[in-house]
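Take a look at the structure set out below.
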Amino acid sequence: MTTEELTLTVEKALEEIRPFLNSDGGDIKLIGIEDDKHVTVRLEGACTACSVNQMTLKAGVETTIKKFAPQIETVRNIA
C-alpha cells in the first residue's frame, strides 16, 4: 500500500468514527502518518475537554484505524 493509499484508508476509518464524535460535539482531524506506521490525529471540539478522550482515542479511534489499516502500530492525539 502506498503512502497515499494509506492516507486515504485512514481517512475512511476516521469517517466511520466521526459521526460518533460529532454526536457529542467533537471531531477528529488527521495530522499525519509517520513511517506508514504511526498516525497522529487531533481531537477537536468537545473532545478536547472530555475526561474520557484517551479512552475514546484507544478504544474507538485506534481500533477503527487498525481495522482499516492493520499495519498501523500507534495512534496519538496532539493538542
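Would you check which residues across region 12-26 are under 15 Å from G45 (Cα atoms) and among the basic types (K, R) and list them?
Hit for region 12-26 is R18, nothing else.
Scan K67, K12 and give me the residue that is assigned to a helix (DSSP H, G or I), loosely packed, with under 12 Cβ neighbours inside 10 Å and modelled with pLDDT of 95 or more.
The match here is K67.
Go through region 20-31 and count every residue that is within 13 Å of the chain's Cα centre (by Cα), surrounded by fewer than 17 Cβ atoms within 10 Å (Cβ to Cβ) and either modelled with pLDDT under 95 or at positive phi (or both).
Just the residues of region 20-31 that are within 13 Å of the chain's Cα centre (by Cα), to begin with: 20-21, 26-31.
The next check asks that each one be surrounded by fewer than 17 Cβ atoms within 10 Å (Cβ to Cβ); those that pass are 20, 27, 29-31.
Filter again for either modelled with pLDDT under 95 or at positive phi (or both), leaving 20, 27.
Looking only at that region, the number is 2.
Please state which of the following conditions E4 fails to meet, knowing it meets all the rest: (1) assigned to a helix (DSSP H, G or I); (2) touching a helix residue (DSSP H, G or I) at 6+ places or on another chain (Cβ under 9 Å); (3) of a type in the set (D, E).
Among (1) assigned to a helix (DSSP H, G or I); (2) touching a helix residue (DSSP H, G or I) at 6+ places or on another chain (Cβ under 9 Å); (3) of a type in the set (D, E), E4 violates only (2).
Which condition number does E62 fail, the rest of (1) charged (D, E, K, R); (2) buried (at least 17 other Cβ atoms within 10 Å of the Cβ); (3) in a strand (DSSP E or B) being met?
Exception for E62: condition (3).
Does region 42-60 contain any residue that is in contact with a strand residue (DSSP E or B) (Cβ under 7 Å, 6 or more places away or on another chain) and of a type in the set (V, I, T)?
Within region 42-60, not a single residue is in contact with a strand residue (DSSP E or B) (Cβ under 7 Å, 6 or more places away or on another chain) and of a type in the set (V, I, T).
The values are calculated or read from the model by the stated rules, or taken from the named source; none is laboratory data. Everything quoted here is computed from the prediction, not taken from an experiment. Ideal geometry is used to build each Cβ from the backbone, glycine not excepted, and the neighbour counts take in all protein chains shown.
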